[in-house]
Amino acid sequence: MAGTSSTSKGASATVFIVGFRTKLIVTAAQAQYFARACGTARFAYNWALEKWIEQYRQHKLAPALVPPPDEAALRRELNRIKGTQFPWMYEVTKCAVQNAIRNLGTAFKNFFSNPKHFKYPKFKKKFVNDSFTISNDQFKLDEEFSRIRIPRLGWVRMCERLRFKGARLLSATISRRADDWYVSISCEITDLSHLSPAKNHGRVGVDLGISRLATLSDGHVFEAPKPLKSKLGKLRKLQKRLSRAKKGSQNRFKLRLRIARLHRSIADIRADALHKLTHFLSSNYSTVVIEDLNVKGMMSNRHLSRAIADIGFHEFRRQLAYKMAQRGGELIVADRFFPSSKLCRHCAERNTDLELSDRQWKCPHCGCWIEDRDLNAALNLCHYPEMKWDRLRAPAQGRSSESTADQAPPAVADHDGELDDHTASVSLLCAEEEPVSGRGSTKAARVPKNGEEEPIH
């Protein structure tokens, strides 16, 4: 399952909007139809964008004479002229044209509502995010034989049948990744029987990182797959060969496909690791506490930007949000300026001299030795709801300076979310720490004033 999910509470049950994506098993004729439909949708989008820009320019010059551009008006205008000017549009489904212009209207609406987050719409290019969308009244699903009926084409086989029971279909988007075709079906569901029963193991804090994908407060450690780093050498060689290939040649086309397949493999490895981690968290814990990371600011570090982008922090938070909502769990996002790494978990005092390279450190206030920086941050996040972190000199509520039983690592969870003793993909880290004197260098700590905040390092 892929895609976003939102909830709306009605009178009877909660409705979730989810997406289901699977690969299509296509013939050569079907692949050619999909390519034509994507080209038609791209042409309609670019045509509407050009008309929108011109009409908006004229509207600014004469607001009383020329109305502002509107996507519904553009769809009606294209319907009037496509029979004479663009008769080839009738070879594919009408939804490819109509939904492309609707997407343009949505893009402008998002841009004008939040220009800092959404950019001005750009013209689409061939082979870049090729896709087209079909409305729910124009396609059919045959769940018995795992296939979908496309207008003006017929039945197309799917690799996997729809896993949701009693789902109300909303739309279907056909997209191309490298040389394969996929369908993403958006639907509304109220029956969550496809989810395995969740285990309630209490609250857990999650500290995200680069070398370690996630460190949990109960001792679980998920290593980062780093797919881009592992395949970067091969990607460089292929791109160098592509730059030297003759434009328009078959060898250049084959190299483009190989590079596209490699990028798809990198994205799939990253998504697989994130889905396994978020599934483990949502199916084993009732409350999850994470950080509100400033990913944009972190990407400004030219030494770490590639490694940060290779993890996918935003995608992790997006997946965890909708999976916790589906299972009835609670997701708590700590304040962006909560110093989870700089706080000593024993005395709740801040070590202001802590550097990013300090993986182990000694608390200058209580003398406790912090064996693992990431585990210390995860433990602080776990106790975040009951801490008054803005009063850093006050002791943490409900916590002691001694190691407690909730810090002992439990058994490792398998792919189904059940706890067992195997350690196939998750390594354990002992969370029990004791104060050690005479280890490391004790730095002079500056005590921050009340209300003073520092960003996370």
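Please treat every number below as a calculation from the coordinates, not as lab data. These numbers come from a predicted model, not from an experiment. Cβ atoms come from the backbone with ideal geometry, glycine included; neighbour counts cover every protein chain shown.
In the stretch 244-345, which chymotrypsin sites (Phe, Trp or Tyr not before Pro) are in a loop and have at most 15 other Cβ atoms within 10 Å, using DSSP for the loop call?
Working: sites: 253, 280, 285, 313, 316, 322, 337; in loops: 285, 337.
Counting only loop positions with at most 15 other Cβ atoms within 10 Å, the chymotrypsin sites (Phe, Trp or Tyr not before Pro) in the stretch 244-345 are 337.
Report, in whole Å, the centroid distance computed from the Cα atoms of the stretch 32-78 and the stretch 211-266.
36
Gain in length, residue 60 to residue 32, computed as 0.36 nm per residue apart minus the alpha-carbon separation, to one decimal in nm?
Between residue 60 and residue 32, full extension yields 5.9 nm more.
Please identify the trypsin sites (Lys or Arg not before Pro) of the stretch 175-223 that satisfy two criteria: DSSP loop assignment and at most 16 other Cβ atoms within 10 Å. Which are they?
199
With a Förster radius of 41 Å, plug the Cβ-Cβ distance of residue 106 and residue 163 into 1/(1 + (r/R0)^6) and report the FRET value to the nearest 0.05.
0.90
Let me know the shape class of the stretch 159-225, please: from the alpha-carbon gyration tensor, a ≥ b ≥ c as square roots of the eigenvalues, rounded when a/c is under 1.5, otherwise prolate if a/b is greater than b/c, or oblate.
Because a/c hits 1.5 or more and a/b fails to exceed b/c, the stretch 159-225 counts as oblate.
Just to be sure I follow: if Rg is taken over the C-alpha atoms of the stretch 120-275 and Rh is the Kirkwood radius over the same atoms, what is Rg/Rh? Don't skip to the end; give the middle numbers.
On the way: Rg = 20.8 Å, Rh = 19.8 Å.
We get a ratio of 1.05 for the stretch 120-275.
Can you pull the one-decimal nm distance between simple spin-label points at residue 145 and residue 315, each 7 Å off the Cα toward Cβ?
It is 3.5 nm.
For residue 252 paired with residue 114, estimate the spin-label separation in nm (one decimal), with each label point 7 Å from Cα along the Cα-to-Cβ line.
4.0
Rank the residues 186, 305, 243 as a footprinting-exposure proxy: fewest other Cβ atoms within 10 Å of their Cβ go first.
Numbers: 186 20, 305 12, 243 9.
Result, fewest neighbours first: 243, 305, 186.
Treat the count of other C-beta atoms within 10 Å as a stand-in for reagent exposure and order 330, 144 from fewest to most.
With the fewest neighbours first, 330, 144 line up as 144, 330.
How would you classify the stretch 83-191 from its alpha-carbon gyration tensor, with a ≥ b ≥ c the square roots of the eigenvalues: rounded for a/c under 1.5, else prolate if a/b is greater than b/c, otherwise oblate?
It is oblate, given that a/c is not under 1.5 and a/b is not larger than b/c.
For the stretch 6-189, rounded, prolate or oblate, judged on the Cα gyration tensor with a ≥ b ≥ c (square roots of eigenvalues), a/c < 1.5 rounded, else prolate if a/b > b/c? Display every interim value, and only then the final one.
On the way: a/c = 2.15, a/b = 1.40, b/c = 1.54.
Oblate, because a/c is 1.5 or more while a/b does not exceed b/c.
Which ordering of 155, 361, 369 is given by a fewest-first count of other beta-carbon atoms within 10 Å?
Listed from fewest to most nearby Cβ atoms, that is 155, 369, 361.
Under a plain spin-label model, where a point goes 7 Å from the Cα along Cα-to-Cβ, how far apart in nm are residue 191 and residue 127?
Between residue 191 and residue 127, the label points sit 4.4 nm apart.
Taking 24 Å as the cut-off for C-alpha to C-alpha distance, list the pairs among 94/126; 229/362; 126/246; 126/276; 23/126; 226/276 that go past it.
Beyond 24 Å: 229/362; 126/276.
Of 39, 62, 85, whose Cα points farthest to the positive end of the dipole of the stretch 4-116 (charges on the beta-carbon: +1 Lys, Arg; -1 Asp, Glu; origin at the Cα centre)?
So the residue we want is 39.
Exactly which trypsin sites (Lys or Arg not before Pro) in the stretch 93-139 are in a DSSP loop and have at most 10 other Cβ atoms within 10 Å?
Of the trypsin sites (Lys or Arg not before Pro), the ones in loops of the stretch 93-139 whose Cβ has at most 10 other Cβ atoms within 10 Å are 116, 119, 122, 125, 126.
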